[in-house]
Amino acid sequence: MDVDHLPLAQQDELDRVTQILMDEFATAISRATQAWKKNGKIQKIILFGSYSRADWVDEPENGYQSDYDLLVIVSHADLTDIAEYWYVAEDRILRDPAIGRPVNIIVHTLDEVNQGLTRGEYFWVDIARDGIALYELPGSALAMPKPLAPVDAYTMAQAYFDQWFPGIDDLLAGAELYLERNNPNLAAFTLHQATERAYICYLLVRSHYVPRSHNLKFLRSLAEDKEPRLIECWPRATKLDRRRFELARRAYVEARYSSSYAISSDDLQAIRSAICMLRDTVEAVSRTWLDALRQKADL
């Protein structure tokens, strides 16, 4: 498979992204003394998600563009550390005027990916089926996916739902308490946590995987790629809509630690309304998915 189905502009963007990842990784390991680090390798870069499936959305006038989703496979588990090895590359990609769409990366070892495939985890199986290698070294083939038994698929997904969904309401209640105590920043942080938990819940139920990230934009992108009905939960057509989502996204760090972070009660109420809709939609689509899994398992 290749990216010939994409417009030339998008092919060029992906070439640019791939080159930045390669260049910055080489820089990050250039002064290494440990053998595993000095000889570290990017074994594979795989495009997955809507651009690999050819069902992406490109409607900037409505505030919605599908993100590029990339899996980077590296030769050692320590090289998956985003802060140490990939932060500069992500920052360069974000600021590069030649790259017109958001880019999300996840970094794993080949063993991690292949273990997921042999366990039949949906996230990895989908990548093995639909993903397109933008770069790969010889000997980096993915394992043959092993189908997950229907009973196991249902049991895992139901356990994830039972673990993660109830806490959304607890966090929403906590945000209300902070509002009553006139602490808008902690209310914003707690609303961020409710949003994060909702996306984690759905991603685990639907795909058995969630990235090691607190970035709501990334989590939203992955969840909406699996379930378009989630798109409606966050209005994004106006500048005000987009600003409010950014306030929620930034709250994870800035609402706790930055003296310049400020959020109004109107913003908080609008964000809370969006999260309530997200919670309700996550519950609905998760239960639909669970019902389908239960039927397949004949339970």
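Points worth noting:
- Residue in segment 183-196 that is polar (S, T, N, Q), closer than 26 Å to Thr288 by Cβ and touching a helix residue (DSSP H, G or I) at 6+ places or on another chain (Cβ under 7 Å) present: yes
- Within the option set Ile93, Ile82, Ile99, Ile73, being over 25 Å from Ala157 (Cα atoms), of a type outside the set (D, E, K, R) and at pLDDT below 95 holds for one residue only, Ile82.
- Every condition in (1) assigned to a helix (DSSP H, G or I); (2) in contact (Cβ under 8 Å) with a residue 12 or more places away in the chain; (3) under 20 Å from the mean Cα position of the chain (by Cα) holds for Ala83 except the one numbered (2).
- Checking Phe161, Phe189, Phe165 one by one, the residue that is outside the structural domain of Asp12 (by TED's automatic domain parsing), touching a residue at least 12 places away in the same chain (Cβ under 8 Å) and touching a Cys at 6+ places or on another chain (Cβ under 6 Å) is Phe165 and no other.
- Take the conditions (1) in a loop (DSSP other than H, G, I, E, B); (2) more than 30 Å from Arg287 (Cα to Cα); (3) among the aliphatic types (A, V, I, L, M); (4) more than 21 Å from the chain's Cα centre (by Cα); Leu179 misses just one of them, which is (1).
- Of all residues in segment 228-261, those that are aromatic (Phe, Trp, Tyr) and assigned to a helix (DSSP H, G or I) total 2.
The values are calculated or read from the model by the stated rules, or taken from the named source; none is laboratory data. These numbers come from a predicted model, not from an experiment. Note that we place each Cβ from the backbone using ideal geometry, even for glycine, and neighbour counts take in every protein chain shown.
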